[in-house]
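Peer 1: So that we are looking at the same thing, I have put the structure below in structure tokens.
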């Protein structure tokens, strides 16, 4: 029996975004298992590719409160420092192969601004957005899959974060869509069929 795998179109940039505990990682792993590893680069933001970005991410995800920044602004600026370090490599990956991102700047805006931590610092929204745009302007997504319904409670999903994602979905309606609540298998089918229908992926028959 033939096993059906997929290849992602060269130059495509596919982003998985949304709230924590919504199944993004599961779906990314399912997609990774269906693709040719040589043709697609997977990247998690902000951990990126380098020792610097990985260490910063580990510090931000520290197990105890004294390991993490107390300031929400400091936390998001640390994220953006990792983004700035990673974007040149992401741009090269998108130009030479295809790129699949586990989060990008939408998380920074949704959690940092709409979640309230950056807003509380006094930094103007326009300045925060300008910094984000300066870092991420070289990367244009082909599609953004947004997961909005958590399977479990997570303290990171502060009030306002989902509203932030919905505002971004409205602003970027042509390239972004909400992933419907469904089983793991149904969600995987939704993702792959969407990629196929939009010409971002093709089936490869391996016998």
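Peer 1: Going through 17, 54 one at a time, which residue ends up being over 21 Å from residue 202 (Cα atoms) and touching a strand residue (DSSP E or B) at 6+ places or on another chain (Cβ under 6 Å)?
Peer 2: Numbers: 54 fails: touching a strand residue (DSSP E or B) at 6+ places or on another chain (Cβ under 6 Å).
Of 17, 54, the one residue that is over 21 Å from residue 202 (Cα atoms) and touching a strand residue (DSSP E or B) at 6+ places or on another chain (Cβ under 6 Å) is 17.
Peer 1: Considering only the range 11-33, state which residues are at pLDDT 90 or above and surrounded by fewer than 19 Cβ atoms within 10 Å (Cβ to Cβ).
Peer 2: Scanning the range 11-33 gives 11, 25, 26, 29, 30, 32, 33.
Peer 1: If I filter the range 36-54 down to residues being farther than 18 Å from residue 100 by Cβ and more than 19 Å from the chain's Cα centre (by Cα), which single residue comes out as surrounded by the fewest Cβ atoms within 10 Å (Cβ to Cβ)? Explain how you work it out, then say what you get.
Peer 2: Applying the first criterion (farther than 18 Å from residue 100 by Cβ) to the range 36-54 yields 50-52, 54.
If we keep only those that are more than 19 Å from the chain's Cα centre (by Cα) too, we end up with 51-52.
On the way: 51: 8, 52: 13.
Across the range 36-54, the extreme among qualifying residues is 51.
Peer 1: For the condition in a loop (DSSP other than H, G, I, E, B), more than 29 Å from residue 5 (Cα to Cα) and at pLDDT 95 or above, what is the one hit in 138, 155, 159, 180? First the steps, then the outcome.
Peer 2: Numbers: 155 fails: at pLDDT 95 or above; 159 fails: at pLDDT 95 or above; 180 fails: more than 29 Å from residue 5 (Cα to Cα).
That would be 138, the only listed residue that is in a loop (DSSP other than H, G, I, E, B), more than 29 Å from residue 5 (Cα to Cα) and at pLDDT 95 or above.
Peer 1: If residue 169 satisfies every condition in (1) out of contact with any helix residue (DSSP H, G or I) (no Cβ under 6 Å at 6 or more places or on another chain); (2) more than 19 Å from residue 8 (Cβ to Cβ); (3) in contact (Cβ under 8 Å) with a residue 24 or more places away in the chain; (4) buried (at least 16 other Cβ atoms within 10 Å of the Cβ) but one, which is the exception?
Peer 2: (3)
Peer 1: Against the condition out of contact with any strand residue (DSSP E or B) (no Cβ under 7 Å at 6 or more places or on another chain) and touching a residue at least 12 places away in the same chain (Cβ under 8 Å), how does residue 176 come out, does it pass?
Peer 2: On the way: out of contact with any strand residue (DSSP E or B) (no Cβ under 7 Å at 6 or more places or on another chain): no; touching a residue at least 12 places away in the same chain (Cβ under 8 Å): yes.
So residue 176 does not fit the description; no.
Peer 1: Scanning for something touching a residue at least 60 places away in the same chain (Cβ under 8 Å) and out of contact with any strand residue (DSSP E or B) (no Cβ under 8 Å at 6 or more places or on another chain), does the range 129-148 turn up at least one residue? Spell out how you get there, then give the answer.
Peer 2: Keep residues of the range 129-148 that are touching a residue at least 60 places away in the same chain (Cβ under 8 Å), which gives 139-148.
If we keep only those that are out of contact with any strand residue (DSSP E or B) (no Cβ under 8 Å at 6 or more places or on another chain) too, we end up with none.
No, there is no match, as no residue in the range 129-148 is touching a residue at least 60 places away in the same chain (Cβ under 8 Å) and out of contact with any strand residue (DSSP E or B) (no Cβ under 8 Å at 6 or more places or on another chain).
Peer 1: Condition (residue is in contact with a strand residue (DSSP E or B) (Cβ under 8 Å, 6 or more places away or on another chain) and either at pLDDT 90 or above or surrounded by fewer than 19 Cβ atoms within 10 Å (Cβ to Cβ) (or both)) applied to the range 69-87: is it met by at least one residue? Walk me through it before giving the result.
Peer 2: Restricting attention to the range 69-87, the residues satisfying the condition of being in contact with a strand residue (DSSP E or B) (Cβ under 8 Å, 6 or more places away or on another chain) are 86.
Add one more test, that the residue is either at pLDDT 90 or above or surrounded by fewer than 19 Cβ atoms within 10 Å (Cβ to Cβ) (or both), and what stays is 86.
Looking through the range 69-87, at least one residue is in contact with a strand residue (DSSP E or B) (Cβ under 8 Å, 6 or more places away or on another chain) and either at pLDDT 90 or above or surrounded by fewer than 19 Cβ atoms within 10 Å (Cβ to Cβ) (or both).
Peer 1: Being at negative phi, in contact (Cβ under 8 Å) with a residue 60 or more places away in the chain and not in a helix (DSSP H, G or I) is the filter; apply it to the range 185-207 and report the residue that is surrounded by the fewest Cβ atoms within 10 Å (Cβ to Cβ).
Peer 2: This residue is 207.
Peer 1: Considering only the range 103-116, I want to know if a residue exists there that is touching a residue at least 24 places away in the same chain (Cβ under 8 Å), surrounded by fewer than 19 Cβ atoms within 10 Å (Cβ to Cβ) and over 22 Å from residue 27 (Cα atoms). Before the answer, list the steps.
Peer 2: Of the residues in the range 103-116, the ones touching a residue at least 24 places away in the same chain (Cβ under 8 Å) are 103-116.
Now drop any that are not surrounded by fewer than 19 Cβ atoms within 10 Å (Cβ to Cβ), which leaves 116.
Those left that are additionally over 22 Å from residue 27 (Cα atoms): 116.
The answer is yes, given that some residue of the range 103-116 is touching a residue at least 24 places away in the same chain (Cβ under 8 Å), surrounded by fewer than 19 Cβ atoms within 10 Å (Cβ to Cβ) and over 22 Å from residue 27 (Cα atoms).
The values are calculated or read from the model by the stated rules, or taken from the named source; none is laboratory data. Here the structure is a predicted model, which is why all the values come from computation and not from measurement. Cβ coordinates were reconstructed from backbone atoms using ideal geometry, including for glycine residues, and neighbour counts include every protein chain displayed.
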